[in-house]
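> Take this structure, written in structure tokens, and hold onto it; I'll ask about it next.
The values are calculated or read from the model by the stated rules, or taken from the named source; none is laboratory data. The structure presented is a predicted model; accordingly, all values stated were derived computationally and were not measured. Cβ sites come from the backbone with ideal geometry, for glycine too, and all protein chains shown count toward neighbours.
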Amino acid sequence: MGMSATQARLLTITGRLTDNEMRSQTITNAKLRLAQKSSEASQTYMDALSSEKLVFKTYGDNGETSTYNLTPALLYSYEPLKNQYSIQNASGQNLVSATDAANFEASATLDDFLDKYGLKGDTQKTQAKLDYDERYAKYEKDLEYYNTVTKPEYDKLYKEWLAEKDQPNLYEVFSNIVGTSDNPNTDAGYCYAEALKGGNSCYIHLLDLLLDYDGTTPSSHEYTTTTGKTFNSEGSTGGSYGNSTDEQKQQFAIISGKMADKNCDGKDDLSQDAANNSLLQIKNSGKTPTEFELLKSDYKLNADGTYSKKTLKEKAIDLYYALQQNLAPSKEAMTETLINFTDGDMKNLTTTKPVLAPAPKAPDEPTYPFVVNDKDKGQWYINLWYMMNGSESANKVKEETNNKGETYFVVDSVKKNENAKNYKVIDDQLLTSNDWLTFALKNGVVTLSQASYFNPSVDSAKTPEMTAEGYYWNATAYSSTSDMVSVEDEVAIAKAEVKYKNTTTEIENQDKKYDQDLKKLDTEHNALQTEYESLKSVIDKNVERSFKAFS
């Protein structure tokens with residue numbers, strides 16, 4: 001017997017009721033998961049409210065402070081009044097930027113490295129440069145004197161020597177007649193011999209044969225000294241003239257004719273090898289020379305204040321006047337003067353082959369110290385160089401003053417040590433990341449060192465290897481610094497708040513939808529349940545009637 005329509009409908013309703021119950025359970029479970037998600041979002045938001053980041057404080061010239069997110073790039077960028085730090089990884093390597101690493105690799109010395117940061121200063125103020133400039137100025141002056149005086153004078157003397165080299169040696173002729181101070185002659189040189197014994201005035205007789213003498217009887221002449229004094233010579237016929245042979249008189253005449261053409265030797269002090277000007281020495285001592293000192297000198301004062309050598313004739317005239325006027329302060333002083341003239345100056349009667357002195361040589365320019373144009377910035381990058389070069393200490397920039405009172409800053413040059421360098425390039429993304437550096441410092445992933453000033457008088461125990469002022473890298477905790485502080489991460493909090501609100505809104509909307517779905521299921525469930533009860537009642541009555549019909 002087939003199933004009635006009522007029974008079929010009852011089965012359908014039963015299936016739908018079962019399905020609704022399963023759907024209701026599924027939605028209920030989903031609502032529980034939403035509650036869990038809401039709890040998690042709330043906890044995430046609460047965690048974000050307590051999140052912190054590290055910031056770095058910098059100071060301006062007027063003491064004002066500015067705060068920036070702490071990043072490796074910020075730590076490594078130089079600013080005045082800013083503490084210098086370095087970051088090390090777990091292996092102890094210093095983390096540096098790609099730019100600093102490239103500059104270090106391209107530099108053979110500290111000087112090269114500093115130059116890449118625009119720190120090379122002007123060497124004009126250095127004492128070494130001033131000394132060189134002074135030496136070079138002297139060289140230029142000496143060279144000009146060499147070209148305008150020494151060389152032309154040599155050329156003149158050389159021409160004279162060429163012209164006279166085959167002529168009799170006049171000084172030899174002269175000294176054979178009068179002798180020398182060590183061995184004066186007593187015949188024709190009688191007057192020189194007597195002068196050396198203290199009879200200075202006897203030398204006038206010899207001078208009469210040296211001044212405008214023509215080989216005949218001496219005669220009186222009017223002369224003017226280099227000091228402007230005019231006098232008449234005696235033209236004496238005694239002494240040397242009377243004791244000279246006719247040949248010697250002719251030799252005196254030849255010598256007399258050369259007196260105006262030859263200069264004195266320029267040695268006011270005959271004991272010295274080099275030329276020496278007693279008048280210049282007196283002037284430099286702040287004194288004024290006496291007339292005797294002016295007359296006995298090999299030099300005469302020109303109108304422009306310079307000095308030039310006297311001719312032998314001028315010197316003979318000056319000595320004649322000094323003897324005639326008895327100007328010498330003592331016989332010894334006069335005797336010394338006559339020896340200087342007879343044994344010294346008169347040698348210039350004969351021109352010896354001149355020797356050209358070598359031309360002045362330009363001074364070699366020294367290697368100047370490296371000068372930095374910014375002391376503090378220079379120290380910053382010096383510290384960085386030494387750190388990358390494997391050293392925990394660094395030399396200090398030296399402050400020096402030249403003889404003009406100008407201050408400049410120099411650096412000791414250091415070569416790169418390829419075997420000791422100690423650094424690693426930090427990733428570009430990490431270089432500018434505040435999140436990474438905050439996490440790395442707080443969790444010990446990296447450590448921190450600070451460039452600290454070293455004073456050997458008080459800090460010797462800290463770094464025994466340092467004996468002079470400088471800087472050393474001192475390990476330090478970020479929390480113990482004054483310029484690194486933790487603050488609320490407002491950006492992270494704001495992001496978390498937005499995310500929390502969005503998540504909460506999403507959960508609420510989904511929960512409302514689930515409530516609506518449950519309400520629909522409940523309404524449908526009640527309707528089906530009512531229909532189910534009605535159909536079940538009909539079936540029950542039909543069964544009851546069927547039993548009665550067959551009973």
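> So which residues in segment 159-198 are charged (D, E, K, R) and buried (at least 18 other Cβ atoms within 10 Å of the Cβ)?
Selection gives 194 alone.
Residue-by-condition table, conditions (1) acidic (Asp, Glu); (2) touching a helix residue (DSSP H, G or I) at 6+ places or on another chain (Cβ under 6 Å); (3) part of a helix (DSSP H, G or I):
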position	(1), (2), (3)
242	no, no, yes
252	no, no, yes
270	no, yes, no
287	no, no, no
293	yes, no, yes
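> Ok, one more. Name every residue in segment 323-345 that is under 19 Å from residue 299 (Cα atoms) and either part of a loop (DSSP other than H, G, I, E, B) or not assigned by TED's automatic domain parsing to the domain that holds residue 293 (or both), in order of residue number.
Scanning segment 323-345 gives 327, 328.
Let's see how each residue does on (1) under 17 Å from residue 341 (Cβ atoms); (2) touching a strand residue (DSSP E or B) at 6+ places or on another chain (Cβ under 9 Å):
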{"residue": "196", "(1), (2)": "yes, yes"}
{"residue": "202", "(1), (2)": "yes, no"}
{"residue": "214", "(1), (2)": "no, no"}
{"residue": "234", "(1), (2)": "no, no"}
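> Let me ask you something else. Considering only segment 414-425, state which residues are under 14 Å from residue 387 (Cβ atoms) and in a loop (DSSP other than H, G, I, E, B).
414, 416, 417, 420, 421, 422
> Also, quick follow-up: Among (1) under 29 Å from residue 216 (Cβ atoms); (2) in contact with a Lys or Arg (Cβ under 7 Å, 6 or more places away or on another chain), where does residue 317 come up short?
(2)
> Another question about this same structure. Given the options 241, 203, name the one that is hydroxyl-bearing (Ser, Thr, Tyr), buried (at least 21 other Cβ atoms within 10 Å of the Cβ) and without any contact (Cβ under 8 Å) to a residue 40 or more places away in the chain.
Just a single option satisfies the conditions, and that option is 241.
> Quick one: in segment 295-322, which of the residues that are part of a loop (DSSP other than H, G, I, E, B) and not polar (S, T, N, Q) is farthest from the chain's Cα centre (by Cα)? Working first, answer last.
Taking segment 295-322 as the starting set, the residues that turn out to be part of a loop (DSSP other than H, G, I, E, B) are 297-298, 302-306, 310.
Cutting the leftovers down to not polar (S, T, N, Q) gives us 298, 303-305, 310.
Details: 298: 51, 303: 49, 304: 45, 305: 44, 310: 53 Å.
Per the stated criteria, the residue is 310.
> Of the numbered conditions (1) touching a Lys or Arg at 6+ places or on another chain (Cβ under 9 Å); (2) buried (at least 17 other Cβ atoms within 10 Å of the Cβ); (3) in a loop (DSSP other than H, G, I, E, B); (4) among the hydroxyl-bearing types (Ser, Thr, Tyr), residue 471 satisfies every one except a single condition; which is it?
It fails just one condition, (3).
> Something else: State the number of residues belonging to segment 59-80 that are surrounded by 15 or more Cβ atoms within 10 Å (Cβ to Cβ) and at pLDDT below 85.
1
> Report whether or not residue 432 is polar (S, T, N, Q) and within 22 Å of residue 122 (Cβ to Cβ).
The answer is no for residue 432.
> Taking the stated definitions as given, is residue 150 surrounded by 14 or more Cβ atoms within 10 Å (Cβ to Cβ), modelled with pLDDT under 90 and of a type in the set (Ser, Thr, Tyr)?
no
> Sticking with this one: Checking the structure you have, find out if any residue of segment 395-404 is part of a strand (DSSP E or B), closer than 19 Å to residue 84 by Cα and touching a residue at least 40 places away in the same chain (Cβ under 8 Å).
The answer is yes, given that some residue of segment 395-404 is part of a strand (DSSP E or B), closer than 19 Å to residue 84 by Cα and touching a residue at least 40 places away in the same chain (Cβ under 8 Å).
> Any residue that is modelled with pLDDT under 95, over 44 Å from the mean Cα position of the chain (by Cα) and not small (Gly, Ala, Ser) - is there at least one of those in segment 356-375?
The answer is no, given that none of the residues of segment 356-375 is modelled with pLDDT under 95, over 44 Å from the mean Cα position of the chain (by Cα) and not small (Gly, Ala, Ser).
> Picking from 98, 137, 128, which residue would you name as being more than 30 Å from residue 423 (Cβ to Cβ) and either at pLDDT 95 or above or touching a Cys at 6+ places or on another chain (Cβ under 7 Å) (or both)?
137
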